[in-house]
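S.K.: Pasting in a structure now, in structure tokens, and then I'll have a few things to ask.
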Amino acid sequence: MDVGRIIDTALKLIDEVGIQALTLRMLADALDSGTATLYRHFNGKDELLALVADRILGEVGIPPEELDSLSWREAVAAAAETFYDTLRRHPHAVPLLAAQVPVGPNGLRARERLITLLLSHGFSVGLAARTFTAIGHYVIGFAIQQHGPGTPRPEDQVQLRDYYHSLDPATYPATTAAADELTSVPLHEEFRFGLDLLVDGLEQARRKDS
């Protein structure tokens, strides 16, 4: 059986039922096969999940020539936004990227491309490595908080806004004044705001490092 088909089917099932609910028996049934066939390709579920994580990273596709035509700030922002959009398509699978350092071919390729780009723009090896890690942590952390299991629904935000407004303004003047802003900023704007702050900080670090 084709390994790529197994991984694609596993990701489809994770998108539907989540990581914890996925079993090798469920996967085998979806493939009209048996678990013995799966064990010919994988030592167990953990090895399979590592390959699924790398499969997800394979969707984060920015052509190298496109990255090379951008400034480092634009390239970092484009990579982060593409990564975030990919994770939004697979919210149940986001914990896979948080639980392990991706060392599959797609993960290695993405790491190599971005660090190489940063080095070409005058980043030191140390700062380029820390930049890659910081961007990855920001995107994964944001995705887990905003799109993982238990993500607040729009009606939850309305209730939270009403709760903030109900607080005693004498005790919580800043919170009551900011109640609408705290609960109404669109996710894509919130993500980009944090990303811009991070990139601005990296610019300062690059100047100090040079």
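S.K.: Residue by residue, what Karplus-based ³J(HN,Hα) values in Hz, rounded to whole numbers, does the range 29-42 have, using 6.51, -1.76 and 1.60 with θ = phi - 60° and x for Gly and Pro?
M.R.: 3J(HN,Hα) across the range 29-42, in whole Hz: 4, 5, 9, 6, 9, x, 5, 4, 5, 5, 5, 6, 9, 9.
S.K.: Which value at 222 nm does the chain reach when only helices count, each DSSP H run of 4 or more adding -39,500 (n - 2.57), with the total divided by all residues and rounded to the nearest 500 deg cm²/dmol?
M.R.: Numbers: 13 runs with 155 residues, N = 210.
Calculated at 222 nm, the ellipticity per residue is -23000 deg cm²/dmol.
S.K.: Right, next: Once both labels are modelled 7 Å past Cα along the beta-carbon direction, what's the ASP46-TYR172 spacing in nm?
M.R.: With each label point 7 Å from Cα toward Cβ, the separation is 4.3 nm.
S.K.: If you don't mind, another one. What does the convex hull of the Cα atoms of the chain come to per residue, in Å³, rounded to a whole number?
M.R.: Each residue corresponds to 145 Å³ of Cα convex hull volume.
S.K.: While we're on this one: Run the quick spin-label model on HIS121 and LEU70: label points 7 Å from Cα toward the beta carbon, then report their separation in nm to one decimal.
M.R.: Going from the HIS121 label point to the LEU70 one covers 0.9 nm.
S.K.: Hand me the trypsin sites (Lys or Arg not before Pro) from the range 67-112 located in a DSSP loop with no more than 11 other Cβ atoms within 10 Å, in residue order please.
M.R.: Values: sites: ARG73, ARG88, ARG89, ARG109, ARG111; in loops: none.
Sites meeting the loop and neighbour criteria: none at all.
S.K.: Along the positive direction of the dipole of the range 87-203 (beta-carbon charges: Lys, Arg +1; Asp, Glu -1; about the Cα centre), which of GLY104, VAL158, THR176 reaches farthest?
M.R.: The one lying farthest along the dipole's positive direction is GLY104.
S.K.: Taking R0 as 30 Å, what FRET efficiency do you get between ARG161 and ASP85 from their Cβ-Cβ distance, rounded to the nearest 0.05?
M.R.: After rounding, the FRET efficiency stands at 0.65.
S.K.: With 15 Å as the cut-off, how large is the P(r) tail for the range 3-42, expressed as percent of Cα-Cα pairs?
M.R.: Working: 233 of 780 pairs.
So the pairs more than 15 Å apart make up 30 percent of the total in the range 3-42.
S.K.: Now for a different question. Counting pairs of alpha carbon atoms under 8 Å apart in space and at least six apart in sequence, what relative contact order in percent does the chain give? Mind showing how you got there, number by number?
M.R.: Numbers: 163 pairs, mean separation 42.2, N = 210.
Worked out over the chain, it gives 20 percent.
S.K.: Taking the Cα-to-Cβ direction at ARG109 and at ALA36 and moving 7 Å from each Cα, how far apart do the two end points lie in nm?
M.R.: Simple spin-label model gives 3.5 nm for this pair.
Each value in this text was obtained by applying a stated rule to the coordinates, not by laboratory testing. The model shown is predicted, which means the values in this text are computed figures rather than measured ones. Note: ideal-geometry Cβ built from the backbone for every residue, glycine included; neighbour counts use all protein chains shown.
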